[in-house]
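Reviewing the structure listed below.
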Number of protein chains: 2
Amino acid sequence: MTVVTTVGLAVMDFVFGVDVRPDRGRKAFASSLAQVGGGPAATAAVTVAALGGIARFVGRIGEDPIGDHIMADLDRWHVDTGGIRRVPDASSPVSSIVVEPDGERTIVNYTDPRLHGPDDIVTAADLEGSDAVLVDMRWPVGSRSALVAATDLGVPSILDFDEAPEWDVAEALRLPNYVLFSAPALAGVTGSPDPEEALRRVAGRTAAWVGVTLGAEGMMWLDDGTMVRSPAYTVVAVDTLGAGDVYHGAFALGIAEGREIHDVVRRAAAVAALKCTRFGGREGIPSIEEVESFMEDRLGGNE
Amino acid sequence: MTVVTTVGLAVMDFVFGVDVRPDRGRKAFASSLAQVGGGPAATAAVTVAALGGIARFVGRIGEDPIGDHIMADLDRWHVDTGGIRRVPDASSPVSSIVVEPDGERTIVNYTDPRLHGPDDIVTAADLEGSDAVLVDMRWPVGSRSALVAATDLGVPSILDFDEAPEWDVAEALRLPNYVLFSAPALAGVTGSPDPEEALRRVAGRTAAWVGVTLGAEGMMWLDDGTMVRSPAYTVVAVDTLGAGDVYHGAFALGIAEGREIHDVVRRAAAVAALKCTRFGGREGIPSIEEVESFMEDRLGGNE
């Protein structure tokens with residue numbers, strides 16, 4: 001079995017469905033509430049487990065009821081939570097996500113700085129036995145140390161590169177083997193709104209493989225100086241919350257399995273596309289059987 | 001000891017402190033998060049207990065971790081939770097409250113309709129032994145049945161009359177002995193933005209005592225056809241979240257103790273004013289000793 005360790009943030013998301021977002025200073029009554037586990041690294045770990053891999057999550061949460069709930073949710077998804085430390089007197093991460101009928105999402109996240117002490121690092125012992133390590137940027141000290149430890153162990157490492165002003169960009173480009181940018185983060189780092197131009201620019205600054213995810217536009221990466229575009233699967237998307245995190249989890253599993261990069265990217269696209277066709281957060285993550293049948297179906301001319 | 005039973009909503013509030021509220025479709029990182037118990041009737045019950053009364057809360061919450069947290073918080077404040085029923089397969093009420101540096105609050109609340117079944121009523125057995133009953137409008141079936149049961153028992157009843165489109169106004173004015181309006185609710189019911197005119201209008205439609213709270217402007221009520229104005233205490237307010245609920249709790253305790261109405265109103269104003277001078281939700285509710293020393297101090301010429 002293939003082992004993927006993800007390092008970073010686990011969050012409890014409170015997703016409020018509203019007819020109209022309230023004006024500033026006002027009150028709105030939501031028509032629905034979903035309490036779902038979130039966080040880039042944690043949701044990627046759930047994806048790995050849903051796809052049949054062995055998933056470990058390394059992160060920090062509080063010793064509070066929200067933390068209990070985050071733990072229970074990861075347990076339910078068969079994620080190994082042995083790498084989680086509960087920090088006393090700190091709050092677990094929480095997000096309020098207000099979703100309007102057109103799908104527009106407005107998010108407020110709180111991550112307690114007391115969760116992430118300056119000397120609390122991830123070591124080789126946390127990553128031993130992993131076939132790939134995926135880190136997000138929401139626990140800077142943990143993720144940087146995990147990238148260093150992965151290199152020491154010779155385990156391929158993937159950075160989910162999102163907007164994170166507190167990171168040193170040169171370091172973020174130097175430490176991992178694979179850098180997967182979000183489009184806004186890539187534009188922010190390079191100053192170029194054109195993903196192709198931006199990707200070429202950033203490739204000149206790192207020895208890592210670089211790619212950028214573009215949502216419904218698919219993704220783009222540089223293969224030995226050649227720009228490769230991989231379209232997304234065309235689906236009727238009903239819930240895109242967490243789709244990027246699901247993509248990253250599937251990508252990391254593909255790398256861990258030693259697949260060829262075109263195959264890695266294509267499978268990750270299929271996993272994320274299927275997730276978007278279903279309501280309900282982590283419940284919407286497909287199994288490996290569903291992914292393979294979906295890909296075969298689309299290969300058969302239904303793309 | 002004096003017993004006050006409150007009937008209505010208990011909520012878990014997630015209070016996010018932000019520099020700027022995020023634009024629609026964007027994400028903001030909060031600089032603080034407070035997880036505090038809320039809900040008009042529940043916070044009023046906590047106030048009664050903090051002031052030395054015996055407080056009972058009657059309401060409905062889910063069998064979920066948020067519900068456990070709501071229960072634990074009420075227990076901590078010595079509120080009798082024997083009147084709470086946990087409803088299986090329903091979510092406990094949750095609010096997201098985004099507070100900006102100027103104190104402006106934007107609220108999204110979710111109250112699961114499955115919590116409040118059409119046949120789930122409050123009976124005389126729930127209210128037996130009470131010296132006063134305070135109800136909010138957020139559990140319509142429960143609050144209406146509680147007002148009827150209070151009348152049957154001969155216990156004075158107080159309605160916290162806030163904006164609630166699902167209530168029949170005539171019924172809301174007929175059932176309680178005391179109706180305490182919020183200013184927006186009174187304007188909505190009467191069509192008049194002037195509280196004095198609105199209060200006179202609404203008094204013609206009910207045999208109940210009627211008053212309206214006006215925040216920092218104090219309150220106003222009709223004493224046998226005469227308009228009485230009671231100013232608020234002048235304080236430096238640092239946290240007004242829940243101040244209205246605290247006022248209602250102190251008001252209900254005063255009625256339960258059989259105090260004269262001028263005294264009831266004055267004490268409730270002191271309790272709410274002191275609460276506003278302190279950060280931290282229910283932690284900011286004063287003790288009876290603090291209230292009495294504050295009132296004496298202000299009587300001594302420091303108002």
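Rule-based calculations on the coordinates, nothing more; no lab input. All figures in this text were calculated on a predicted structure; none of them were measured in a lab. For neighbour counting, all protein chains shown are included, and Cβ atoms are generated from backbone atoms with ideal geometry for every residue, glycine included.
Taken one residue at a time, the phi angles of region A:84-91 give Karplus couplings (6.51, -1.76, 1.60, θ = phi - 60°) of 8, 10, 8, 9, x, 6, 10, 7 Hz. Gly and Pro are set to x. The residue among A:213, A:294, A:6 whose Cα reaches farthest toward the positive pole of the charge dipole of the protein assembly as shown, with charges on the beta-carbon of Lys, Arg, Asp and Glu, is A:213. Tell me the net charge near residue B:222. Cut-off is 15 Å between Cβ atoms, residue B:222 excluded, with +1 for each Lys or Arg and -1 for each Asp or Glu. Cβ neighbours under 15 Å give a net charge of -1. Other residues lying with their Cβ under 12 Å from the Cβ of residue A:76 contribute a combined charge of -2, Lys and Arg counting +1, Asp and Glu -1. Computed from phi, the 3J(HN,Hα) profile of region B:24-37 under the Karplus parametrisation 6.51, -1.76, 1.60 (θ = phi - 60°) reads 3, x, 10, 10, 10, 9, 7, 8, 7, 9, 10, 9, 10, x Hz, with x in place of Gly and Pro. Sorted shortest first, the separations between the residue A:113 label point and its copies elsewhere in the assembly read 4.5 nm; each point sits 7 Å from Cα along the Cα-to-Cβ line. Compared with the rule-of-thumb size 2.2 N^0.38 Å for a compact globular protein, region B:50-91 has a Cα radius of gyration ratio of 1.19.
Could you compute how fast region B:89-216 diffuses translationally, taking Rh as the Kirkwood radius over C-alpha pairs and applying Stokes-Einstein at 25 °C with viscosity 0.890 mPa s? Give it in µm² per second. Reported coefficient: 152 µm²/s.
Comparing Cα centroids, region A:100-129 and region A:168-196 end up 19 angstrom apart. In a DSSP loop and with at most 13 other Cβ atoms within 10 Å, the trypsin sites (Lys or Arg not before Pro) in region B:1-101 are B:24, B:26. For region A:1-49, a Kirkwood radius taken over Cα pairs fed into Stokes-Einstein (4 °C, viscosity 1.567 mPa s) yields D = 98 µm²/s. Residue A:278 label point (Cα plus 7 Å toward Cβ) to equivalent points in the other copies: 4.9 nm, shortest first. Couplings for region B:166-181, taken from phi via the Karplus curve 6.51 cos²θ - 1.76 cosθ + 1.60 with θ = phi - 60°, read 7, 8, 7, 5, 4, 5, 4, 7, 8, 6, x, 8, 10, 10, 10, 8 Hz in order; Gly and Pro are left as x. Within region B:1-141, the proportion of Cα pairs with more than 17 Å between them is 61 percent.
Within region A:205-303, the proportion of C-alpha pairs whose separation exceeds 20 Å stands at 35%. Rounded to the nearest whole angstrom, the semi-axes of the ellipsoid equivalent to region B:100-163, taken from the Cα gyration tensor as √(5λ), stand at 28, 16, 8, largest first. Remark on residue A:161: its backbone amide H falls under 5 Å from those of A:180, A:181, A:182, a criterion applied only to residues 5 or more positions apart or on other chains, H modelled at 1.01 Å from N. Normalised Debye scattering of chain B at q = 0.08, 0.13, 0.15, 0.16 Å⁻¹ gives log10 I(q)/I(0) of -0.33, -0.91, -1.22, -1.39, counting only Cα atoms as equal scatterers and leaving out solvent. Near the amide H of residue A:218, within less than 5 Å, lie the amide hydrogens of A:232, all on another chain or at least 5 residues away, with H placed in the peptide plane. Closest approach of a chain B beta carbon to the axis mapping chain B onto chain A (residue, whole Å): B:96, 2.
Counting from the shortest, the label point at residue A:257, 7 Å from Cα toward Cβ, is 7.1 nm from the same position in each remaining copy.
List the aspartates and glutamates whose alpha-carbon lies under 12 Å from that of residue B:275, not counting same-chain residues fewer than 8 positions away? Hits, sequence-local ones excluded: B:239, B:245, B:283, B:290.
A simple count of charges around residue A:106, restricted to other residues whose Cβ falls under 13 Å of its Cβ and scoring Lys, Arg +1 and Asp, Glu -1, yields +1.
Based on the Kirkwood approach, the hydrodynamic radius assigned to the protein assembly as shown is 26.4 Å, with every pair of different Cα atoms included. Shielding of peptide A:21-28 by partners, expressed as the average count of other chain Cβ atoms within 10 Å per residue Cβ, is 5. Work out the FRET efficiency for residue B:166 and residue A:114 from their Cβ-Cβ distance, taking R0 = 51 Å, and round it to the nearest 0.05. Result of the calculation: an efficiency of 0.75.
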